[in-house]
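Here the structure is laid out as structure tokens; the discussion comes afterwards.
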Amino acid sequence: MNILLTGGAGYIGSHTFIALREAGFEPVILDNFANSHPVVLERLERITGRPVTLERGDVLDTPWVEAVLRRHQPAGVVHFAGDKAVGESVANPLKYFHNNIGGAVSLLRAMAAVFADGSAPALPTLVFSSSATVYGDPASVPITEDFPRSHTNPYGHSKLVIEDMLSALRVASPAWRIGVLRYFNPAGAHPSGLIGEDPADIPNNLMPYVTQVAVGQRPHVNVFGGDYPTPDGTGVRDYIHVQDLAAGHVAALQALLTKGESFTVNLGTGRGVSVLEAVRAVEKASGRLVPYVIAPRRAGDVAQCYADPSLAKRLLGWEAKHTLEQMCADAWRWQSGNPNGYRG
Ligand code: NAD
Ligand code: UD1
């Protein structure tokens, strides 16, 4: 059973590729390598022992995406492709509206066209990568899926608009089976140490930044704010192992394909971890000292953000299994074995 992964060469897509193969699916990667490197394909072949099918191109190219769908007849599509840097989205909002919202529209139109002319045997089935960013500044924690949604930057806005587009599509065409996954804070890497997160620039996210400090590429971690109303004054997040996220996509596809009902769920652990706890966990995993300085708060940050993951357990039978220690150990194996990521 083929599954099309738009953005499948990226961080979460590449881990999901392996989990899908292990579960008996045949994933096909669609990517333009705007934020990834073709070397990941060789690594995926090494890990899974079989060739990888790649469709190299842009999800914005609707006729080409249609042709890809006709060629591979996927039973489902996972839409990872998009841009994800919050700061860049503030500086260049049109890039985010174009690639994220435009990319989703393009994919959905291609799926709708292939379904409408009967050239695909399957019902249109989609899993979409949303984010905890759609909760904005939550009034309390843990966060359940019925919390009000808002946005604080164009990246978050693009996720919100896409979620709304998917709801409208379900109303208009009940044949669509759609799983919206709101990821909390993905971290860690495949236990082989062969694939992982490879930020093109200075990492915006905490975990890759901390491992780059541990490996000696950066002098210290700037801890954005030491005076939050949290146990140690630093920001609290729900870090989730990328392997657990990958398993969440397999569970989501299986639920859509067997039960046929659409859903929106949080993918998180339900456990809040502070910045200083994360720094200490990387120190322990790496055996290196991670110097840090308390810096001013980062604009737009919230004090605490962690999931109530019980709906995903109820609907999909999925729950996160990896600990913070495993996340840091796997991230460290990847970072220390590949200090320059896929660039060698
Ligand atoms: P990533 O940048 O590693 O992967 C995205 C992939 O999409 C890249 O390989 C990139 O080359 C590709 N891509 C981008 N635009 C494309 C286009 N127009 N056509 C074809 N390919 C295109 O990001 P990731 O961390 O793997 O995230 C995957 C998805 O999950 C994104 O939609 C992101 O917004 C969402 N998400 C990520 C996080 C996170 O912290 N990593 C958190 C919440 C949600
Ligand atoms: C960020 C994005 C969010 C996105 C999420 C996952 C912002 C404002 N939000 O959220 O939209 O969905 O990533 O990709 O960018 N921290 C430091 N020093 C650093 C980096 C981070 O102290 O160098 C702190 C932050 O203040 C925060 C925690 O570490 O308390 C986690 O930060 P980060 O990894 O950027 O994730 P989020 O803030 O949750």
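The values are calculated or read from the model by the stated rules, or taken from the named source; none is laboratory data. As the structure is a prediction and not an experimental result, all values here were calculated from the model. Note: ideal-geometry Cβ built from the backbone for every residue, glycine included; neighbour counts use all protein chains shown. Heads up: the accessible areas ignore ligands, DNA and RNA and are worked out on the full protein's heavy atoms, side chains in. Shrake-Rupley method; radii C 1.70, N 1.55, O 1.52, S 1.80 Å.
Before moving on, here are some points about what is shown:
- Projected over all directions and averaged, the alpha-carbon convex hull of the range 58-97 occupies 3.4 nm².
- The chain: relative contact order as a whole-number percent, Cα under 8 Å and 6+ apart: 19 percent
- Modelled FRET efficiency - R0 22 Å, GLN217 with LEU289, Cβ distances, 0.05 increments: 0.95
- Using bins of 10 Å that start at zero, the share of Cα-Cα pairs per bin across the range 1-106 amounts to 15, 47, 29, 8, 0, in whole %.
- Taking the chain as the region of interest, the number of lysine pairs whose Cα atoms are within less than 18 Å, with members eight or more places apart or on different chains, is 5.
- Calculated [222 nm] ellipticity per residue, helices only, for the chain: -12000 deg cm²/dmol; basis is -39500 (n - 2.57) per DSSP H run with n ≥ 4, divided by all residues, nearest 500.
- Of the solvent-accessible surface of the range 114-198, computed with a 1.4 Å probe over protein heavy atoms with every protein chain present, carbon and sulfur atoms account for 58 percent.
- Taking amide H as placed 1.01 Å from N in the peptide plane, the amide H of ALA295 sits under 5 Å from that of VAL223, PHE224, GLY225, each at least 5 places away or on another chain.
- Rg and Dmax, both from the Cα atoms of the range 40-158 and both in Å, are 17.2, 47.
- Rg/Rg_ref, the chain, where Rg_ref = 2.2 N^0.38 Å and atoms are Cα: 0.95
- Relative contact order [Cα under 8 Å, 6+ residues apart], the range 88-162, whole percent: 41 percent
- Axis angle, to the nearest 10 degrees, between helix 324-337 and the longest C-alpha principal axis of the chain: 90 degrees.
- Three semi-axes of the equivalent ellipsoid, the range 186-344, Cα gyration tensor, whole Å, largest first: 28, 20, 12
- Largest mean-square fluctuation among PRO51, PRO191, PRO203, in a Gaussian network model of the chain whose springs join Cα atoms under 10 Å apart, belongs to PRO51.
- 3J(HN,Hα) from dihedral phi, the range 289-303, Karplus parametrisation 6.51/-1.76/1.60, rounded to Hz, x for glycine, proline: 7, 10, x, 9, 10, 7, 10, x, 4, 8, 4, x, 6, 10, 5
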